[in-house]
Amino acid sequence: MKTLYLSLAAFLLAGGAIAQTDLKCPDYAAGARSLKVIHMQPVRRGKRWLDGTPTDSLTISCDERGMKTAETQYDGKALTLRRAYVYSGTPEARKFCENLKSDEKRTTSFSEEGNSSLDDFCSRNRKKDFTMAAVYDAIPAAAKSGQAKPLHRVFTLFNKRGFPEKEYSFDSFNSMESVTVYDYDKNNNLTQITVTDPDGGQLRRETFSFGGPASPRVHSVYSETNQLKRKTADELRVDGTLRREVITDYDSAEQPIRRSEIYMDTTGVPQKKLIFDPDDQQPREEYDYTHELDKKGNWTEQRRTRLLFFNGSPVKDHDSPPEITKREFLYY
C-alpha cells in the first residue's frame with residue numbers, strides 16, 4: 001500500500017512533461033531545501049553590463065523527496081503568487097474521502113444528484129490505493145479573508161508496479177478539472193501522457209520514445225485536436241550525459257516554423273544556442289552562455305549573449321544587454 005504520493009513527475013524525463021498541477025521541484029534542484037530564480041534588468045556602465053535590478057523572481061521550497069512545499073512569485077516588488085502544498089498518504093486520503101461522504105449525507109438528500117464529482121471519485125475508488133495533494137492559496141489577503149479550501153486537490157492512483165496510472169484534479173468546489181493517464185512500456189519507461197477534461201475531451205497529449213544508446217530521446221507534445229505542436233530530441237553522449245537538445249515548433253498544419261539547437265558541455269550546462277528558420281541550414285540567431293557554478297555543480301548565474309551575423313559569421317552584439325538569470329540554492 002502506498003503511504004505517500006511521490007508525484008507523477010518523479011517518473012518523468014528531465015525537461016519532460018508537466019502535469020496540470022506540477023507538484024515536483026525542478027530536477028536540477030535535487031537535494032535543495034529551496035531554490036530562488038531571479039531575472040535581472042542589466043544596466044550598462046561604460047563597456048560593461050552590470051547585473052542591475054531584479055525584474056521578477058520565483059522561490060520554490062522543497063521537501064527531502066523533491067516535492068514542492070511552497071511557491072512564491074514576485075513581479076518586481078509586487079507579490080503575484082503564493083502557494084502551499086500539503087501531501088497525504090493512502091490512509092489519510094481514504095479518511096478524507098470517508099469524511100467527505102459523511103458531509104454529503106448530512107448536507108444533501110440521499111439521491112446521487114447531490115453528490116459532487118469528488119464524492120463520485122471517492123465512491124468508485126474507496127478500496128484502491130490512492131494519495132492526495134492539496135494546493136492552497138497562501139497569499140496573506142486570502143488568508144485574512146478566512147479562505148481555507150484548497151485551490152486544487154490532486155488524487156493519484158497507482159498501477160500494479162507502483163507507478164502513477166491516473167491523476168484526478170478537482171477545484172475548490174470539488175468539481176473535476178482534468179484526468180491525466182500515464183502509459184508505460186514493459187520496462188516501466190513512461191511512453192505517453194494524456195490529459196482530458198471531465199467529459200473525456202483531450203486537452204493535451206505527450207509521447208516519449210527511447211532508442212538505443214546512439215538514438216535520441218524524443219518528447220512530442222500534441223494539442224487538444226491532436227496536432228503536433230513541439231518535438232524535443234535529446235542527443236546523449238556515450239556516458240549518458242546530454243550533448244545536444246533539438247527543439248522544433250510546428251504550426252497548425254504541423255509544418256515546422258522554428259528549430260532551436262542547444263549544445264551542452266560534459267556536465268549538461270548550456271554553452272550555445274542556435275535558432276533556425278524552416279529548411280535553412282544557417283542559423284538566423286545565435287546565443288552564447290557563460291555560467292558561475294556552486295560546489296554542487298549547479299549554476300548560480302547565467303549570462304546569455306546574443307550574436308549577430310555578418311556575411312555568414314557570428315559577431316557579438318555589444319549594444320544589446322545580456323539576459324542575466326541568477327539562482328540561489330539552499331541545500332539540505
Excluding residues on the same chain fewer than 8 positions from LYS273, give the lysines whose Cα lies under 16 Å from its Cα.
LYS316
Once a ≥ b ≥ c are taken as the square roots of the eigenvalues of the Cα gyration tensor of the stretch 167-209, is the result rounded (a/c under 1.5), prolate (a/b larger than b/c) or oblate (a/b not larger than b/c)?
prolate
Given the C-alpha atoms of the stretch 35-80, compute the convex hull and give its volume per residue in Å³.
61
For the stretch 286-332, rounded, prolate or oblate, judged on the Cα gyration tensor with a ≥ b ≥ c (square roots of eigenvalues), a/c < 1.5 rounded, else prolate if a/b > b/c?
prolate
Between MET67 and residues 5 or more places away or on another chain, the pairs with built amide H atoms under 5 Å apart involve CYS25
Restraint check, LYS24/LYS296; LYS272/LYS295; LYS186/LYS272; LYS24/LYS95; LYS127/LYS186, Cα-Cα greater than 30 Å:
LYS186/LYS272
For the stretch 181-332, what is the largest minus smallest coordinate of the Cα atoms on each principal axis, given in angstrom and ordered from greatest to least?
53, 45, 34
Could you sort 271-277, 217-223 so that the peptide with the highest average Cβ count within 10 Å comes first and the rest follow in order?
217-223, 271-277
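Bear in mind these aren't lab numbers, they're just calculated from the coordinates by the rules spelled out. These numbers were taken from a predicted model, which means no experiment stands behind them. Positions of Cβ are generated from backbone atoms using ideal geometry, with glycine treated the same way; all protein chains shown enter the neighbour counts.
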